[in-house]
Amino acid sequence: MTAATSAPVRHQPPHASRSVPLTAARLLRLELRRNPMPWILPLIAAAFWFDSYRPSTTQPPIWVLRTFWNMGQGHTIIDFGPFVAGVAAWAGSRDVRRGIADLVTVTARSRWAAQLASWAATAIWAVGGYLVFVAVMFGVYAHQGVQGSPPWWWVAVGAAAVTAFCAAGFAVGALFPSRFAAPLAAFGAFLVMAMSSRTGFSHTSGWALILPTNSNGNYQPPSGIFYPYLPDLPIARVMFLAGIAVAALGLIGLPAGAGGPWLRRTAAVVTLAGVVAAGTGVGLAGTARLGPHGMVIPALHDAASDRPIRYTPVCGQSAGVAVCLNPAYRQFLPDVTAALRPVLGEVAGLPGGPVRATQVAGAYSSGEGEVGAPMTISGRPPVLRMPLGSLNLPGAFGGSTAQFAQQLKLLSVHAFTGAGAGPGTPAQQAVQAALLQGAGVPFSAQNGVLSAVGLPSWASATLQPPASGHGAGPAEEDGPGPATGPVHAAARRLAALPPSARHAWLAAHLGALRSGQLTLAQLP
Amino acid sequence: MNVELTDLTRRFGRTTAVSGVTLEAGPGVFGLLGPNGAGKTSLLRMMATVIPPTSGRLRLLGRDPGSYAPRREVRRKLGYLPQSLGYYPGFTVADFVEYFALLKDMPPGRVPAAVAAAIEQVGLGDRARAKLRTLSGGMLRRAGIAQAIVNDPDLLLLDEPTAGLDPEQRVAFRGLLREFGQRATVIVSTHLVEDVGAACTEVALMEQGRIVFHGTPAELTARGEGSGAAGDAPLERGYSAVLAAARSVPAARA
């Protein structure tokens, strides 16, 4: 069958390849204008406010503490993830839901290119929203005078996580298009977050460190104050999350309708590259070990990250002894000097007694369950070295100024007796109890102080009943209550001495006490 | 020839939607008539490169769309309006047409003028900034036609383009078809016989996946003369007569 007329095919001028970026930019502009993500941002803002920002304001104004919850434990990611995945799936399933897949398919541009433009617009809105919310939160922190430095690497992890959720959600929508794709993707993202958090709490090492809401090892109290935030683990997580995003976007380009053979081969390579990047991230996280200042991944570690941050301490006086803190802890100087005053009053002038108290960065071991770091008296002349970051600061996790002061007194007295990282000998425990009584922590309250959360492990060990004849604890059972037993009896005798007599006895026996040679019977 | 179909067949499972169609078409307006389920839409979708044929040979604009590169070239010069037009409700008319202009690989510098011209041609100039969800069914159809013609296609495939249009719009649209037919191949699938009579230079009638008539509208009209077939208009009588004849010869379908 022949048409009525016949004419040569018209040929339009060849398409200039240099116009491809401009076309992509125009497509992106269109998609940005009509993207559904802005509609969900107010809801995310509400979740962010209630879940990420508000709980953080109960923490002391130090960056590492303020951001521990929202950045360290990944609550900003939890707030964004499910919403972003759901909206991205909605955008990804758009062509099929709207019955427009045929029209998009028969255009010269590959379907993959059109989908990538749509995804890019969704991701720009989502990541832009994330960065704006975090910027506003950090701005408020800065306005509130929060000390230290912000955890920028963890912001990057959050942005990468939002990008990954966006890509994964979009891929779900594009590959399984239906009206159920969005709720399924959102619910899936929520489940992933929940499992990530749950796994994160129980896995302090190994591959699970890659999970973006695993809170183990992310933050250390000296981070951003004494040492920079270590970028090792964040780099591995960004690699992992970016790999997921790239792999998901590559997957969209694999179906037959996505484009030509060359394009689909490219999509396969992109998918593979994403999987390799994500796998590399997991592998690197598996090699992580907890160093003195945070998680170290040997393959990524830069020694420059271990250089301490220079600072000029802020100092005060306590019983004639200079007490110096990192300026980030400036607001706690009055509390620290007040807490140390009675202790230093007891021990000042004694041979081996501290002539200066200074804050130091806590050093952390990789042992599970290890919290905090010991307070020590060392050097010539002796200096009381206080890792305050390991204590519950006033306001942190519900801690009060009184609790903070009591813990500070306990740790400084423990350091003075020379008990080191253990509970000490019965004599050392008795002297510790007596000095605490003198410093304003009555015997009846001492068990409560010893059982406080956040203290080194020797504190709870002190509460245990004696295993054999050598170590007799000051209490028969755990928990606060009237202290009894031989250790406490000796402590009461020492505490009952006049201050000058106690001072004289300590001056005479301090060496023996610290070396662990003194017995309970030798106490006055 | 812009369209060359040789023994083209398309099956969906056990159902044969298009069976051994052979057809050629150059510039002009080509009407594809037939009852519901005759295979018009499947044939149009193959010509639009939405679906590949199960067997047979298909050449569009001098190229074989079976391979990716030629298919892409064809698509660059193709305009297609599907039977059920989907749309993005949040897009404006201008966004919608611009979106497809960009996907059709038009040079970006030419896009704004081409979009404005296409929207004017379908009479939606005053609604260019209106969101698609606010438009009536007829206006949506016109927006769909605008996206089909925005790239000034060499091959324009329209599936039921006048569905939902009011009489005035249909008259205007036929004029647009004739104008396009001067320089491009326009294939219009419809069951509205009067559209064919008013705009088409050639017509084919499909029944059960086969072409049962191919000729000019005047020839189709002539088939109805003297027949007892029902139908008010002469063209409709021809249409009915051809269909009746096709159905009365089962062997022809075997």
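The values are calculated or read from the model by the stated rules, or taken from the named source; none is laboratory data. Values in this document were obtained by computation on a predicted structure and should not be read as measured data. Because the Cβ atoms are built from the backbone with ideal geometry, glycine has one as well, and the counts that use them run over all protein chains shown.
Table for the structure above
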item: Pick from region B:70-98, criterion at the interface with chain A (Cβ under 7 Å from one of its Cβ atoms) and over 21 Å from the mean Cα position of the chain (by Cα), ranking: surrounded by the most Cβ atoms within 10 Å (Cβ to Cβ); result: B:GLU98
item: Any hit, region A:102-116, residues being of a type in the set (A, V, I, L, M, F, W, C), out of contact with any Cys (no Cβ under 8 Å at 6 or more places or on another chain) and within 30 Å of A:SER215 (Cβ to Cβ); result: no
item: Filtered residues of region B:57-103 (kept if among the basic types (Lys, Arg) and out of contact with any helix residue (DSSP H, G or I) (no Cβ under 6 Å at 6 or more places or on another chain)); result: B:ARG57, B:ARG59, B:ARG71, B:ARG72, B:ARG75, B:ARG76, B:LYS77
item: Subset of region A:338-375 [closer than 21 Å to A:LEU450 by Cα and modelled with pLDDT of 85 or more]; result: A:ALA338, A:ALA339, A:LEU340, A:ARG341, A:PRO342, A:VAL343, A:LEU344
item: Subset of region B:182-205 [within 17 Å of B:ALA118 (Cα to Cα) and crowded, with 21+ Cβ neighbours inside 10 Å]; result: B:ALA184, B:VAL186
item: Residues (within 11 Å of chain A (Cβ to nearest Cβ) and either more than 11 Å from B:ASP154 (Cα to Cα) or hydroxyl-bearing (Ser, Thr, Tyr) (or both)) located in region B:48-61; result: B:ALA48, B:THR49, B:VAL50, B:ILE51, B:PRO52, B:ARG59
item: Extreme residue, nearest to the chain's Cα centre (by Cα), among residues of region A:14-33 that are more than 8 Å from chain B (Cβ to nearest Cβ) and at pLDDT below 85; result: A:PRO21
item: Looking only at region A:403-444, and only at residues there that are of a type in the set (Phe, Trp, Tyr) and within 22 Å of A:ALA348 (Cβ to Cβ), the one that is surrounded by the fewest Cβ atoms within 10 Å (Cβ to Cβ); result: A:PHE404
item: Scan of region B:157-171 for residues that are away from chain A (no Cβ under 12 Å), of a type in the set (A, V, I, L, M, F, W, C) and crowded, with 24+ Cβ neighbours inside 10 Å, ordered by number; result: B:LEU158
item: Qualifying residue in region B:199-218 (condition: touching a helix residue (DSSP H, G or I) at 6+ places or on another chain (Cβ under 9 Å), closer than 30 Å to B:LEU124 by Cα and more than 12 Å from chain A (Cβ to nearest Cβ)); result: yes
item: Every residue from region A:186-200 that is hydroxyl-bearing (Ser, Thr, Tyr) and touching a residue at least 24 places away in the same chain (Cβ under 8 Å); result: A:SER196, A:SER197
item: Hits in region A:152-173 - residues which are buried (at least 24 other Cβ atoms within 10 Å of the Cβ) and among the aromatic types (Phe, Trp, Tyr); result: A:TRP154, A:PHE165, A:PHE170
item: Pairs where the first residue, in region A:103-118, is more than 7 Å from every other protein chain (Cβ to nearest Cβ) and the second is among the hydroxyl-bearing types (Ser, Thr, Tyr), C-beta under 8 Å, 6+ apart; result: A:ARG111/A:THR105
item: Residues of region B:1-16 classified as farther than 17 Å from B:VAL212 by Cβ, within 14 Å of chain A (Cβ to nearest Cβ) and surrounded by fewer than 21 Cβ atoms within 10 Å (Cβ to Cβ), total; result: 4
item: Region A:201-220 residues that are within 14 Å of A:THR287 (Cα to Cα), paired with ones that are assigned to a loop (DSSP other than H, G, I, E, B) and not aromatic (Phe, Trp, Tyr) (beta carbon under 6 Å, 6 or more apart); result: A:THR204/A:ASN216; A:THR204/A:GLU368; A:ALA208/A:ASN214; A:LEU209/A:ALA288
item: In region A:180-200, the residues that are among the small types (Gly, Ala, Ser) and closer than 17 Å to A:VAL282 by Cα; result: A:SER196, A:SER197, A:GLY200
item: Residue, farthest from B:SER240 (Cα to Cα), within region B:172-188, restricted to residues that are away from every other protein chain (no Cβ under 14 Å) and not hydrophobic (A, V, I, L, M, F, W, C); result: B:GLU179
item: Selection count where residues are crowded, with 19+ Cβ neighbours inside 10 Å, over 22 Å from A:ASP102 (Cα atoms) and within 11 Å of another protein chain (Cβ to nearest Cβ), scope region B:99-149; result: 1
item: Residue within region B:42-60 that is touching a Ser or Thr at 6+ places or on another chain (Cβ under 6 Å) and at positive phi present; result: yes
item: Any hit, region A:282-300, residues being without any contact (Cβ under 8 Å) to a residue 24 or more places away in the chain and not assigned by TED's automatic domain parsing to the domain that holds A:ILE62; result: no
item: Pick from region A:271-320, criterion in a strand (DSSP E or B) and under 21 Å from the mean Cα position of the chain (by Cα), ranking: surrounded by the fewest Cβ atoms within 10 Å (Cβ to Cβ); result: A:ARG289
item: Any hit, region B:17-26, residues being farther than 15 Å from B:ILE211 by Cα, aliphatic (A, V, I, L, M) and either surrounded by fewer than 17 Cβ atoms within 10 Å (Cβ to Cβ) or more than 9 Å from chain A (Cβ to nearest Cβ) (or both); result: no
item: Single residue of region A:240-296 satisfying the filter (of a type in the set (A, V, I, L, M, F, W, C) and within 14 Å of chain B (Cβ to nearest Cβ)) that is farthest from A:ARG307 (Cα to Cα); result: A:ALA256
item: Selection status of A:ARG66, among the basic types (Lys, Arg) and closer than 30 Å to B:ARG45 by Cβ; result: no
